[in-house]
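Bear in mind that the values in this text are calculations on the coordinates, not laboratory data. What you see is a predicted model; the values in this text were computed from it and never measured. All Cβ positions, glycine included, derive from the backbone under ideal geometry; neighbour counts span all protein chains shown.
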Amino acid sequence: MVHLSGISKQYGKKVLYRNGNFQINAGEKIGLVGPNGAGKTTLFRLITGEERPDEGRVSKPDKLVVGYFSQNIEEMKGRSVLEEAKSAAATVFALQARLKELETKLSEPLGDGEMAAALDEYGEAQAEFERLGGYDLDARAAEILTGLGIGPADHDRPTESFSGGWKMRIALAKILITRPDLLLMDEPTNHLDLESIIWLEEWLSQYPGALLMTSHDRDFMNRLVSKIVEVAHQAVTVYSGNYDFYEREREIRKEQLVAAARRQEEMLAKEEEFIARFAARASHAAQVQSRVKKLEKIDRIEVPVEEKAIQFEWPSPPRGGDEVLKIEGLGKTWVSGAEARKLVFQGASALVKRLDRVAVVGVNGAGKSTLLKVVTGQTDATEGKYAIGAGVEVGYFSQNSLDVLDPANTVLDEVHSRVPNSSIGYVRNLLGAFKFSGDDAEKRVSVLSGGEKSRVVLATILARPVNLLVLDEPTNHLDIQSREVLLQAIKDFPGTVMIVSHDRHFLREITTRVFELDRQNLRVIDGTWDYYLEKKAAEASGLRL
């Protein structure tokens with residue numbers, strides 16, 4: 001369907017890839033991976049035609065419909081959410097208008113030839129209108145918006161009343177509504193909660209078109225894709241399998257490459273030793289020249305330099321008591337103005353014990369983040385009470401934590417200011433563990449991405465001797481490698497954790513208990529994330545575990 005043959009692309013002196021090849025077949029689901037700046041977004045633009053390769057070619061059928069979802073959204077105003085979503089189906093509206101014109105024309109007296117031509121065109125337009133889903137556009141738009149977390153009550157709200165994160169959902173809905181032959185998706189799960197991610201995963205699994213996407217969500221990739229295209233080290237490499245397969249296969253290929261490079265080095269050393277030994281002997285001149293020419297023709301095997309994983313010794317927190325957090329009848333109602341009151345949750349009671357890894361879950365709007373804000377003292381409870389255990393030191397992370405960073409500071413200065421009694425060497429080692437090595441530690445906070453700022457804040461929290469970590473969506477904006485760094489840090493953390501996250505792989509790896517929150521109560525499930533899912537599935541089927 002789409003063929004990229006021998007493509008090369010560079011900006012100035014920076015080479016993204018040379019002689020890259022891969023193809024996208026009809027209905028194929030492909031994951032696009034690689035470090036930031038490697039050229040993933042450029043690859044999308046080459047496929048859409050926004051950019052051209054320096055060498056090679058991108059070939060695709062003329063009538064191929066491509067939908068591209070990126071993190072750069074257009075301005076939205078002057079329409080309701082539903083109207084904005086449907087506006088993406090411009091072809092459908094054009095066909096609908098043409099069908100009406102043809103219906104009017106066919107109701108008038110026409111000659112036989114003209115009548116036949118009009119009937120033919122009407123039949124073709126009607127078939128295309130039906131193929132594009134014109135007859136169920138309203139219902140489909142409403143279904144997709146609802147699946148992405150924008151319920152029917154909000155479908156008539158003006159788009160300008162939504163925040164940037166919710167506008168991203170509207171933009172995503174617009175792409176899905178068009179049902180293109182090929183979907184290009186750059187981080188589609190950003191700004192989505194767990195329920196919306198699961199809905200999107202199911203929608204894409206049923207989607208008959210082809211898909212090429214980047215995602216920081218390992219589970220999302222694993223459940224959808226059957227091929228991985230890696231953009232790294234100035235090359236485009238194809239792996240046949242999901243993300244887990246790619247990780248395993250990449251390590252195998254790397255080991256094979258290292259072994260081949262070692263064998264080549266040994267061979268070259270022997271040849272060079274022979275040349276050096278006999279270069280001055282006339283009797284061996286022919287042999288020496290032959291070996292010199294042989295070495296000149298050899299393609300040297302280059303092993304890409306991989307980022308070294310830095311191990312960091314986390315500070316030992318105080319022991320603390322066995323009862324870390326006790327909440328009784330806790331509730332929160334937001335009050336705005338004299339009359340407006342919004343119940344978030346009530347009747348929440350639970351006990352968090354030492355070394356628990358608690359996943360706080362619930363549908364969108366259940367109050368997960370609010371609960372964390374209450375128990376960390378960021379906002380007051382409306383009813384009930386909570387008590388932090390003796391000797392418990394709390395470290396709290398939320399997306400608002402990023403706002404306290406000083407944009408004028410370097411990363412090194414910012415972190416050192418949070419742990420002033422630590423040596424520069426300690427701070428550099430800490431930053432290295434969070435992927436700020438060398439010059440990256442000298443970057444100013446003002447130029448950091450959202451993911452980089454998250455890593456800075458997480459590093460400062462984990463560097464202090466806390467024994468209760470309260471984390472509200474800590475993986476937002478983090479790439480898969482950064483998530484793995486944080487995951488390992490939490491696994492090694494010798495304290496208690498409460499976490500809200502939409503990353504299922506993350507939750508599966510650490511969860512020992514689940515707190516399921518809704519407006520009326522808090523339900524405690526003792527067990528892993530997988531046990532919780534099995535229990536929910538069994539309850540939905542009328543069974544009991």
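Some points to look at:
- With each label modelled as a point 7 angstrom along the Cα→C-beta vector, the residue 268-residue 238 pair spans 3.0 nm.
- Length gained on full extension, residue 90 to residue 289: 64.7 nm, using 0.36 nm per residue less the C-alpha separation.
- Within region 323-540, DSSP assigns beta bridges of which about 55% are antiparallel (rounded to the nearest 5).
- When both bridge partners sit in the chain, DSSP labels roughly 55% of those beta bridges antiparallel.
- Mean residue ellipticity (222 nm) of the chain, computed from DSSP H runs ≥ 4 via -39,500 (n - 2.57), nearest 500: -12500 deg cm²/dmol
- Order by protection proxy (mean Cβ within 10 Å, highest first), peptides 388-394, 359-365: 359-365, 388-394
- Annotation: lysines with alpha-carbon distance below 18 angstrom to residue 332 (same-chain offsets under eight excluded): 342, 368, 373, 385.
- Cα gyration tensor, the chain - rounded (a/c under 1.5), prolate or oblate: oblate
- Rounded to the nearest 20 debye, dipole of the chain from Cβ charges on Lys, Arg, Asp, Glu: 1840 debye
- Order of 305, 238, 457 under a 10 Å beta carbon neighbour criterion, fewest first: 305, 238, 457
- Fully extending the segment from residue 112 to residue 249 would add 42.7 nm, taking 0.36 nm per residue of separation and subtracting the current Cα-Cα distance.
- Region 460-521 versus region 40-110: alpha-carbon centroid distance in Å: 40 Å
- Taking other C-beta atoms within 10 Å as the exposure proxy, 498, 267 rank 267, 498 from fewest upward.
- Our note on the geometry: Cα centres of region 146-214 and region 230-275, 39 Å apart.
- Per-residue Cβ neighbour rank within 10 angstrom, fewest leading, 248, 179: 248, 179
- Straight-distance crosslink candidates among lysines, where the alpha carbon sits under 20 Å from residue 167 and sequence neighbours closer than 8 are dropped: 77, 86
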